[in-house]
1. Among 189, 49, what is the fewest-to-most ranking by other Cβ atoms within 10 Å?
2. If packing is taken as the mean number of other Cβ atoms within 10 Å per residue, what is the order of 122-134, 228-240, 196-208, highest first?
3. What Kirkwood hydrodynamic radius, in Å, does the range 27-165 give when the mean of 1/r is taken over all pairs of distinct Cα atoms and then inverted?
4. Please state the equivalent ellipsoid semi-axes for the range 181-235: what are the square roots of 5 times the Cα gyration tensor eigenvalues, largest first, in whole Å?
5. I want to verify the translational diffusion coefficient of the range 67-106 in µm²/s; compute it with Stokes-Einstein, Rh as the Kirkwood radius over Cα pairs, at 25 °C and 0.890 mPa s.
6. If contacts are Cα pairs under 8 angstrom and at least 6 residues apart, what is the relative contact order of the range 77-217 in percent?
7. Let me have the relative contact order for the chain, percent, based on Cα pairs under 8 Å that are six or more residues apart.
8. Per DSSP helix of 4 or more residues, -39500 (n - 2.57); summed, then divided by the residues of the chain. What does that give at 222 nm, rounded to the nearest 500?
Ligand code: FAD
């Protein structure tokens, strides 16, 4: 089944993300975390693609496991910047052979020291999307950035390129993490004005430790609101308290989104089924209402 068909159903859809192991030895641990997350009745589970393509085999393996053994929709991420076009084509062929119907098409970060644009590489996610469409009837997702992508000085450019990307055949968008819902509402307003009409899944990252916050900020360039910083300041040095506060903060963001008419939400669950389960437990009655 295609994810877009599920997103278009008239119900609340909560999805989760896992990341594959870097080595084959780590497979069982990630598979076990994925199995636990699948018990939370997710709309789908997405599987990231390691920067540089190193985890390509394990991304496909976990995505197949989700689909074939856990009977949950799976979304395989695929990046193109650090692989040649032929390497990317091989991965698409493999995903097709495995019966994976849903791909999140990404450029990926430009590896340090790489000349960009590189010969024989796809330069932007939009080019990858065109390529995927040549290989069959995939449901294609892509990334968007409510606070702007770090490489763009002007948000208008970001939205212009996003529109070009969507027009090449994107079925839905998943948003980079944010911690202030007003940023998301503002972004939605601007992209709808620009004519982008596909579903957008807000990305919620439960921050359960001070070190995770630092890493998330480095990765996404997101701005943490004062309310979050106060929580970190007060509870950051107590792991259990910070975990509880981070789960409560993410729950609160989700409740606000649902209350404002958003019905599809993606949680960056980071291979932490306990955190995902705690959020779902907090929402147990809310998602039925
Ligand atoms: P693009 O859409 O190609 O955009 C990249 C930049 O180029 C943007 O600044 C855009 O505005 C600009 N641009 C686009 N088209 C043009 C054009 N024609 N001319 C000039 N500029 C242009 N990374 C991973 O390595 N693995 C993952 O699994 C992964 N999953 C992710 C999931 C989500 C939901 C998100 C939000 C990000 C994810 N990333 C992942 C990170 C992502 O790969 C990086 O943010 C990357 O820098 C941009 O990828 P993109 O697909 O958004 O690129």
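Every number here is computed from the coordinates shown, using simple stated rules; none is lab data. This one's a predicted model, so the numbers in the text were calculated from it and none came from an experiment. No Cβ is skipped: glycine too gets one built from the backbone with ideal geometry, and neighbour counts run over all protein chains shown.
1. The most exposed by this proxy come first: 189, 49.
2. Peptide ranking by packing, descending: 196-208, 122-134, 228-240.
3. 15.9
4. The three semi-axes for the range 181-235 are 28, 12, 9 Å.
5. It comes out at roughly 226 µm²/s.
6. 21
7. Relative CO of the chain lands at 19 percent.
8. It comes out at -13500 deg cm²/dmol, rounded to the nearest 500.
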